[in-house]
Structure formats: structure tokens, C-alpha cells
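The values are calculated or read from the model by the stated rules, or taken from the named source; none is laboratory data. No experiment lies behind these values; they were computed from the predicted model shown. Using ideal geometry, Cβ is built from the backbone for each residue, glycine included, and neighbour counts are taken over all protein chains shown. What goes into the accessible areas is simple: the full protein's heavy atoms, side chains included, and nothing from ligands, DNA or RNA. Shrake-Rupley method; radii C 1.70, N 1.55, O 1.52, S 1.80 Å.
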Amino acid sequence: MSTVSVEIQADQGVARLTITRPEALNALNRHVLEDLAEAVGTLEDDPDVRVLVVTGAGRAFVAGADIAEIAGLPGGAAAEAFSRRGQGVFDRLAASRLVSIMAINGYALGGGLELALAGDLRLIAESARVGLPEIGLGIIPGFGGTQRLSRLVGEGRALELVLTGRQIPATEAWRMGLANQVVPDADLLASADRLAQELAAKAPVALRAAKRAVRGGLDHELATGLAEEAAWFGHVAATQDAREGTDAFLSKRSPHFTGR
Ligand code: COA
């Protein structure tokens with residue numbers, strides 16, 4: 001049975017992916033990671049889906065990589081391969097044409113926070129807690145946390161979370177820029193769905209290009225990033241949607257985007 005459930009609202013261009021292993025607070029064992037990779041791959045190939053909401057079933061988003069699996073790792077090359085496998089799954093999401101919104105409910109610890117960091121936007125429930133507790137297990141984050149957290153919130157705050165392993169509440173995560181918005185627990189999914197629908201209504205080529213320009217630029221120095229931005233701008237400006245969007249503004253009407 002799959003540990004990841006997917007609901008698609010094709011008419012809205014939106015899908016919701018729910019990690020469903022609540023008996024272990026959705027801890028990412030090999031099976032969950034495989035299901036997640038498969039679900040993201042399938043959605044990536046679905047032309048009806050442009051925006052993805054990711055959340056966890058029960059009282060956690062994801063409470064980390066599965067500690068029982070980590071305990072059985074012999075270390076060295078096998079553990080490095082384990083880290084690479086997890087990074088690969090999250091990289092696929094980060095590089096996806098799909099825009100992803102992480103709806104963080106309950107615990108997002110270790111691999112759970114690393115999954116949230118691979119997404120594009122993060123909404124966090126008031127009662128949620130996030131952290132990278134690996135140091136307390138005698139290990140370090142291995143699914144991208146040491147790299148993505150520092151890029152998002154800066155070296156000082158990332159080091160604080162990585163070195164102390166401290167769990168922080170939602171408001172603190174928001175204050176440091178880790179989460180985009182804190183929402184009441186009961187409104188989390190509705191807020192994420194609303195945001196997903198809002199994004200899915202944007203011009204699809206522009207939405208994709210905007211994500212790629214920002215994310216791609218972070219891998220380069222400024223001059224290269226600016227050249228990439230200009231190339232994306234050229235690509236997007238050639239679309240019918242660019243003409244529609246600008247015409248609609250000038251004629252004081254709402255645009256109707258078609259993805260061409
Ligand atoms: N890996 C494997 N199993 C996990 C897990 C993980 N990362 N996180 C939670 N679980 C399991 C627990 O072992 C427990 O299983 P059991 O009922 O068979 O004993 C079940 O999920 C419920 O967790 P429990 O610890 O009883 O819930 P809690 O409310 O008391 O505490 C947490 C919640 C999140 C604080 C606690 O589960 C925890 O610290 N988890 C590990 C977090 C972590 O270090 N993640 C990084 C891993 S690299």
C-alpha cells in the first residue's frame with residue numbers, strides 16, 4: 001500500500017500530496033521515499049497539474065528520516081548513498097516545473113524540515129514545530145538541510161539550528177524567514193489550497209520561468225544569474241499569455257491565460 005496519497009483537482013491545476021504513515025509520524029523510510037519520488041514523477045508528467053500542496057497525515061508533517069533505518073546503516077559509502085538517495089528525491093521536487101507549497105502541520109523535524117525546505121513556499125500551522133535534531137542522534141542532516149537552510153535563512157541561523165538541534169515554534173520559523181506565513185491549525189489546508197489555486201491561475205509559462213529564474217540564479221554568481229533572468233524574460237515575453245496579460249491591463253479587464 002502506498003504511503004503517499006494524491007488528490008488531483010484537474011480543473012484548478014492543483015494537486016495535494018499527503019504523506020501517510022501516521023503510526024511513525026510519517027517518518028521517511030525507504031518505502032515512503034520511493035512512494036514520494038514516484039508520486040512527484042507522476043504529477044510532473046501530468047499536464048493538468050501546475051501547483052502542488054504537500055502535507056502530512058495526522059499530527060506530523062514528517063518527523064524525520066526513519067531512525068530505525070539510520071541505526072542499521074553501516075556508515076561510510078552505504079550511509080553516503082542513503083544521503084544521496086534522499087537528496088535526489090528532494091532535488092527532484094525543488095527542480096520540478098511544479099510550484100510546491102508545503103503545508104506544515106505538527107512536527108517537521110530532520111528529513112521533514114528538509115522536505116519542507118525543498119518546496120517553493122511554506123505555510124506553517126500555529127502549533128507546528130520545526131528543527132534539525134540530527135546532532136542529538138550523533139549524526140548531521142543529510143537530505144539537504146545543511147545547504148538549503150543556510151541559503152534560506154542565512155549562515156548564522158542555520159548554524160544555530162544545526163548545531164543545537166533545537167525545535168522552534170511556528171512564529172519563530174516565520175520570523176527568521178523559514179516559513180512564509182503562520183496560519184491557525186484549522187485553516188492550514190484551506191489556506192494552502194487557496195494559495196495553490198491563486199498560483200495555478202497565473203500564466204503557466206511565466207510561473208514556471210519565475211521559479212526557474214530564482215532557483216537557478218542561486219546556483220550562480222550575479223552576472224550569470226542576470227543573464228539567465230534575461231533569457232527567461234525573452235522566453236516568457238514571446239508567449240501569447242504575455243500579450244494577453246499586458247492587453248488585459250491596458251484595457252482594464254481580467255486576463256485569461258491559456259498556457260501558450
Ligand atoms: N523515525 C522512526 N520512528 C519515528 C520517528 C522517526 N524519525 N519519529 C517518530 N517515530 C515513531 C516513534 O518511534 C513512535 O513509534 P512507537 O509508537 O512504535 O513507539 C511513534 O512514531 C510516535 O512517536 P512518539 O515519540 O511516541 O511521539 P511523541 O509525541 O512522544 O514525540 C517527537 C514526537 C516528534 C518529538 C518524537 O517522536 C521524536 O523526537 N522523533 C524523532 C525526531 C528526529 O529526531 N528526527 C530526525 C531523524 S534523523
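Looking at the stretch 148-167, can you tell me whether even one residue there is within 15 Å of the ligand (Cβ to nearest atom), touching a strand residue (DSSP E or B) at 6+ places or on another chain (Cβ under 6 Å) and polar (S, T, N, Q)?
The answer is yes; a qualifying residue exists.
Go over the candidates 63, 37, 68, 95 one by one and state the one that is of a type in the set (Gly, Ala, Ser) and over 18 Å from the mean Cα position of the chain (by Cα).
68
Return the residues of the stretch 11-23 that are touching a residue at least 12 places away in the same chain (Cβ under 8 Å), within 16 Å of the ligand (Cβ to nearest atom) and open to solvent by 30 Å² or more (accessible area, probe 1.4 Å); say none if nothing qualifies.
20, 21, 22
Name the single residue, out of those in the stretch 62-81 being in a helix (DSSP H, G or I) and within 11 Å of the ligand (Cβ to nearest atom), that is surrounded by the most Cβ atoms within 10 Å (Cβ to Cβ).
70
Could you run through the stretch 181-200 and say how many residues are free of Cβ contacts under 8 Å to residues at least 60 places away in the same chain and surrounded by 16 or more Cβ atoms within 10 Å (Cβ to Cβ)?
Going through the stretch 181-200 one residue at a time, the tally reaches 1.
Residues being away from the ligand (no atom under 15 Å from the Cβ) and in contact (Cβ under 8 Å) with a residue 40 or more places away in the chain: count how many of those fall in the stretch 37-61.
13
Can you pull out the residues in the stretch 163-181 that are touching a Leu at 6+ places or on another chain (Cβ under 8 Å) and over 15 Å from residue 112 (Cβ atoms)?
177, 180, 181 - these are the residues of the stretch 163-181 that are touching a Leu at 6+ places or on another chain (Cβ under 8 Å) and over 15 Å from residue 112 (Cβ atoms).
Taking into account only those residues within the stretch 82-106 that are closer than 15 Å to residue 26 by Cα and in contact with a Lys or Arg (Cβ under 8 Å, 6 or more places away or on another chain), which is farthest from the ligand (Cβ to nearest atom)?
Within the stretch 82-106, the match that is farthest from the ligand (Cβ to nearest atom) is 102.
Mind telling me which of the residues 241, 193 ends up being at pLDDT 95 or above, touching a strand residue (DSSP E or B) at 6+ places or on another chain (Cβ under 9 Å) and part of a helix (DSSP H, G or I)?
After applying the criteria, what remains is 193.
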